[in-house]
1. Using only Cα atoms, find the angle between the long axis of helix 62-75 and the longest principal axis of the chain, and express it within 0 to 90 degrees, rounded to the nearest 10.
2. Packing-wise, with mean Cβ within 10 Å as the measure, how do 330-343, 282-295 rank, highest first?
3. So what's Rg/Rh here for the range 30-121, counting alpha carbon atoms and using the Kirkwood radius for Rh?
4. What is the Rg over Rh value, at two decimals, for the range 78-226, using alpha-carbon atoms and the Kirkwood definition of Rh?
5. Add +1 for every Lys or Arg and -1 for every Asp or Glu among the other residues with Cβ under 9 Å from the Cβ of residue 349, and state the total.
6. Relative to the longest principal axis of the chain, what angle (0 to 90°, nearest 10) does the C-alpha long axis of helix 8-36 take?
7. Per residue Cα convex hull volume for the range 227-355, in cubic angstrom?
8. Which of the peptides 130-139, 319-328 is most tightly packed, and how do the rest follow, judged by the mean count of other Cβ atoms within 10 Å per residue?
Amino acid sequence: MSNTSFNEQRLHDLLGRAIVDFGATSNAPLVLIGDRLGLYRALAKLGPLNAAGLAAATGTQERYVREWLNAQAASGYVDYLADSGSYRLSTEQAMVFADEDSPAFIVGGFETALAAGRIVDKLTDAFKTGAGIGWHEHDHALFHGVARFFRAGYLGNLVAQWIPALDGVQARLEAGISVADIGCGHGISTILMAQAFPNSRFVGFDYHAESVEIARQRAREAGIAHRCQFEVGSAKDFGQSPFDLITIFDALHDMGDPAGAASYILKRLAPGGTWMIVEPYAGDRIEENLNPIGRAYYAASTLMCTPCSLSQEVGLALGAQAGEARLRAVVTGAGFGTFRRAAHSPVNLVFEARA
Ligand SMILES: C[S@@+](CC[C@H](N)C(=O)[O-])C[C@H]1O[C@@H](n2cnc3c(N)ncnc32)[C@H](O)[C@@H]1O
């Protein structure tokens, strides 16, 4: 090493980026603490506040809260008002950290990353053995984090943008059709659609029984359990009746055999039916994905999606950055006659497939 020449500026820049990331990694648990204790929400509602004021409003200890606030201010997640020694959340900071119903709410992403990291020992071994790690093998916090993370994007896009972009689907949903949502997790997408289209009937399927139970509970809480049901079922073995619309939200690439799932979906679609496929945003070439979104998704894919797929039959392991061309090959290879990109958001691609 001592004889190796290096570019001082490049080293400086790289180290700078790594320090930003090291700081971000250390801050991630603090984001969860702020969320759990209502610190962001209190600051959004009552701010500006000093540490003592925020601690009093949230039933927490001032010394801890002061240190937390300074970490937040150094992260740019909270503003520090030096003249008064108080802290506040801007409208944008509140949208990202305090408002669960904002399309920009990101706390679920931090929750997911931290929970996924808990399999580091098992995953290290899996790198050597090639073994898969099933979705159900993760810490419970992962399922909640993923549901919260995706909810933000679905809230802003699913009913307002994505369904209208499909050919004739909105009118059929309004009239009343039968819908299956495969790999539904906690049923976020299923319930959003059921709430928007009261004449249609929805069934969410997921192989993970614990997630299905939570989805059922959410449907009961939303008062729609009579027409929005959830069943344990895999993508190659769900329901028997034909469905007019089948959806898969951010789950096709997690499956071991997405081509087998596509063939089965083709059989379960009613004549004239539509398969809506929502996948993480990605370009077809690696170099198109070397950006902040690709970075987050390649990492999530290494921690969750790729091991999940490898744990199932076939183990195709498309990865979360599969991109349109690979997805098209899977879907049309299974016999679908049409496959087109209908919409996209900064984090998702939306495809429509028909027999
Ligand atoms: C990333 S999560 C997405 C969950 C949900 N669609 C959402 O958007 O919030 C992937 C889901 O796919 C499910 N899954 C994975 N392989 C599956 C399979 N072969 N059949 C059915 N579900 C599967 C997992 O249990 C998990 O709930």
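1. Taking Cα atoms only, the helix is inclined about 70 degrees.
2. 330-343, 282-295
3. 0.99
4. Taking Rh as the inverse mean 1/r over Cα pairs, Rg/Rh reads 1.08.
5. Around residue 349, the surrounding residues sum to -1.
6. 80
7. 112
8. The densest-packed peptide leads the list: 319-328, 130-139.
Where a number appears in this text, it was derived from the coordinates with a stated rule and is not lab data. Everything numeric here is computed off the predicted structure, so don't read it as measured data. We place every Cβ from the backbone using ideal geometry, glycine too, and count neighbours over all the protein chains shown.
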